[in-house]
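To start, the structure under review is shown below, and the notes come after it.
What follows is calculated from the coordinates using simple rules that are stated; it is not laboratory data. In this text, all values refer to a predicted model and were calculated from it rather than measured experimentally. Reconstructed Cβ throughout: ideal geometry from the backbone, glycine too, with neighbour counts over all protein chains shown.
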Amino acid sequence: MIERHLRQINGAYLHFRKTSKVGGVPLVLLHPSPRNSAMFEPMMRLLRNDFDLVAPDTPGYGGSDALPEVPAGIADYLPSLRALLLEVAGPRFMLYGSATGAQLAIAYANSHPGDVAHLFLDNAAHFDPAARQRIVEGYFPDLTPCADGGHLQRAWKMAQQMTQFFPWFQNDEAHRISQRIPAPAEVQTLAMEFLAAGSHYDSAYRAAFEHERAQNVQALKVPTTLFRWLGSVLLRHIDALLAHPLPANLRVVETPLIMPERYAAMRLEFVAAHPSRQIPQP
């Protein structure tokens with residue numbers, strides 16, 4: 001069973017999903033922006049017999065309160081995140097992050113390496129300064145509620161085009177990442193996540209883009225697995241990261257395009273890295 005909890009950390013409520021069945025070193029899952037831990041429920045159902053799992057909502061997203069002040073960078077998220085994880089995951093855990101979650105995980109592992117038994121990075125990329133500036137300048141439209149509902153249209157357009165182009169606002173063939181037309185329900189789910197995060201929906205997003213530099217991965221000292229997912233919208237930028245010299249403690253694993261096959265490949269890596277080194281059947 002996937003449980004849902006709230007904890008008061010540094011004066012704010014943080015929401016997280018959790019399974020508690022197996023014992024041992026748990027696996028922590030950090031989500032992309034503007035999503036929340038609900039996206040991990042399929043993965044948590046797959047892994048719940050392998051590990052205890054903790055999937056927090058980043059402050060300001062999902063069911064978690066925002067930080068008291070707009071963050072200046074990814075490091076501003078770490079005190080609340082660490083306080084929560086030490087309370088609900090314990091002093092040592094494996095840490096997985098995707099996209100924004102990957103940047104949070106990198107920053108966490110570089111700041112608190114003793115907490116992290118193994119680091120897993122998904123949708124982790126590198127942008128050179130010029131590319132980063134071009135993307136950030138157009139990526140975050142104003143979603144402040146307005147009288148004519150224009151913010152709803154902007155959220156819908158952004159959510160719809162994100163599944164087909166990167167960056168989403170450059171909707172030409174040179175920036176196309178998929179021919180698939182998203183279902184309206186899929187677009188609505190993502191648009192609602194943007195809107196639920198409020199006018200500061202871009203806070204963790206911006207911090208992640210700024211942190212998405214090869215030098216932060218090169219600084220890692222903990223055992224690390226970097227997933228090169230063939231279906232990633234960031235695949236070209238993942239490869240830009242892989243073109244840099246990377247530390248010997250980092251291993252690259254290619255994961256399949258199709259989601260069930262991707263999750264199965266990731267599960268084998270999670271289990272192989274666990275201190276127990278056991279592979280129970282799902």
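For the reader, a short list of remarks on this structure follows.
- When peptides 99-110, 246-257 are sorted by average Cβ neighbour count within 10 Å, with the highest value leading, the order is 99-110, 246-257.
- Rounded to the nearest 20 debye, dipole of segment 164-282 from Cβ charges on Lys, Arg, Asp, Glu: 440 debye
- Applying 1/(1 + (r/R0)^6) with R0 = 22 Å to the Cβ-Cβ distance of I2 and A196 gives a FRET efficiency near 0.65.
- Projecting the Cα atoms of S111, H200, G63 onto the dipole axis of the chain, where Lys and Arg carry +1 and Asp and Glu carry -1 at the beta carbon, places S111 farthest toward the positive end.
- When shorter helices are ignored and each DSSP H run of at least 4 residues is given -39500 (n - 2.57), the per-residue value for the chain at 222 nm works out to -11000 deg cm²/dmol.
- Label-point gap, in nm, between A130 and M259 - each point 7 angstrom along Cα→Cβ: 3.7 nm
- Of all complete DSSP H helices in the chain, those with a Cα span along the helix axis of 20 Å or greater and a mean Kyte-Doolittle hydropathy of 0.0 or more are 259-273.
- Applying Stokes-Einstein at 37 °C and 0.692 mPa s to the Kirkwood radius of segment 141-212, computed over alpha-carbon pairs, gives a translational diffusion coefficient of 252 µm² s⁻¹.
- Charged-residue dipole, Cβ positions (Lys, Arg, Asp, Glu), segment 141-200 about Cα centre, Debye nearest 20: 100 debye
- Listing T144, T163, T189, T58 from fewest to most neighbouring C-beta atoms within 10 Å gives T144, T189, T163, T58.
- Ellipsoid equivalent to the chain - semi-axes via the Cα gyration tensor, in Å: 28, 22, 19
- Base-10 log of normalised Debye intensity for segment 183-282 (one unit scatterer per alpha-carbon) at q = 0.22 Å⁻¹: -1.19
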